[in-house]
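Written below as structure tokens is the structure these notes are about.
The values are calculated or read from the model by the stated rules, or taken from the named source; none is laboratory data. Computed from a prediction, not measured in an experiment: that's the story for all the values here. We place every Cβ from the backbone using ideal geometry, glycine too, and count neighbours over all the protein chains shown. Calculation scope for accessible area: heavy atoms of the full protein, side chains included, ligands and nucleic acids excluded. Shrake-Rupley method; radii C 1.70, N 1.55, O 1.52, S 1.80 Å.
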Amino acid sequence: MPQIRVAVAGAGIAGLAFALALRRAGIDCHLYEQAERLAEVGAGVQVTPNATRLLHRLGLQDRLRAVAVAPRAIEMRRWDDGGLLQRTELGGPCRRRFGAPYYTVHRADLHDALLSLVPADRVHLGARLVSVTQSAGEARLHLSDGTTVAADLVVGADGIRSVARERIAADRPRYSGQTIYRGLVPADRVPFLAADPRVRLWLGPDQHCVCYPVSSGRQVSFGATVSSSHWREESWSAPGDPAELAAAYAAWHPDVTRLITAAETVGRWALHDRDSLGRLSAGRVAVIGDAAHPMLPFQAQGANQAIEDAVVLAACLADAGPDGLGAALLRYERIRLPRTTRIQQQSRANATTFHLADGDEQRRRDASTQASPGLERHEWLFGYDAEQATTTSRS
Ligand SMILES: Cc1cc2nc3c(=O)[nH]c(=O)nc-3n(C[C@H](O)[C@H](O)[C@H](O)COP(=O)(O)OP(=O)(O)OC[C@H]3O[C@@H](n4cnc5c(N)ncnc54)[C@H](O)[C@@H]3O)c2cc1C
């Protein structure tokens, strides 16, 4: 049987997870990545059970366990006195309920783990996509060095500024008005945050801070939001000013101020998202991950949803065979759009609820947060099995 030729733009989390999912289904693909060298930046990522169960099936169980931290709980606290608003148990209860762990991981470790299973000759570095064209018979990637790559299917896994997405929509990223400072602190500088691994969030007026251990517990990763009307940098490596960050959080709980002042360097990132699309493909071009549904990080789902996309699209392609491309892409859209749209919208909503000024609304939020600490609240998100959803959609 002839093989479908698949060309993927971008070798981030979405592109690599897709390559692995395709390989498992017996389909080859080539990835075209603009970076000359693959090096993820210093920051953490929360990998939730809806994605860890998929990563395990892709063969990453041991690799992940070796580098990840399994936090015992998620805690939400008040910004000033640190009063506990909610504690949700993870660890054993999470594994038992969802059949998969909740991990906090250094992005580079996750990226390396994915990359380690993709054959090196399938990843083309220094290959920047500048446009995509297509005809009835094939799609073509046009790269910045003048090269053209022909394929039956082009998959855009090229992030929030996706070039492939331009074939599907003419929209632009939207600035949220929020920036996030990110840093990594050696665990021995903040033992009070590292010893008993937890995901900790402090919520306050206009800002919040989140931290958790990564790198087998050797480092603590944090993200601290600050509103800004003027900051527009969108590079993980754009430096932030530690003094400005410290000033923005000066009145916060000492656990927060000790954490952020322990970081020698911080990066600063302007947070953008886009509205949900009505479709995820056009002809022979499809998008996955941030190229498809960039979301604010306030639900920690961007990478997790990228992994779900990757597995679902690969399964749809494998089921359909080379002659069923159109049907496979429609099925992928039908499965993914309702879920990713909901998560995009909730991530935006969290930008408001996390940042309420002290007052009636904040007290109502705190009361309802305190009333629902259980994992059952996360069933729709963490309990979801993207592969099972794909199987069910056959009937
Ligand atoms: C502050 C912050 C915290 C976050 N925390 C979490 C979290 O805890 N959990 C979670 O699940 N998600 C989190 N996310 C979201 C997550 O980082 C992204 O959703 C995820 O990285 C998306 O993966 P991707 O592969 O789609 O895109 P990217 O990671 O952006 O990868 C895109 C790749 O495509 C390449 N590329 C781009 N343009 C081109 C081109 N023209 N040609 C060729 N290659 C190209 C890039 O170099 C890159 O390698 C967070 C995001 C932010 C900003």
Segment 11-72: C-alpha gyration tensor shape, a/c 1.5 cut-off, then a/b vs b/c: oblate
Size of charge dipole - segment 87-135 - debye, nearest 20, with Cβ of Lys, Arg +1 and Asp, Glu -1, no other charges: 280 debye
Calculated [θ] (222 nm, deg cm²/dmol) that DSSP helices of n ≥ 4 give over the chain, each run adding -39,500 (n - 2.57): -10000 deg cm²/dmol
Using a Förster distance of 25 Å, the FRET efficiency for ARG65-LEU38 (Cβ separation, nearest 0.05): 0.65
Over 27 Å [Cα-Cα, the chain], rounded percent: 49 percent
Computed log₁₀ I(q)/I(0) - Debye formula, equal Cα scatterers, no solvent, segment 169-310, q 0.17 Å⁻¹: -0.98
Computed accessible area, THR261, all protein chains, 1.4 angstrom probe, square angstrom: 90 Å²
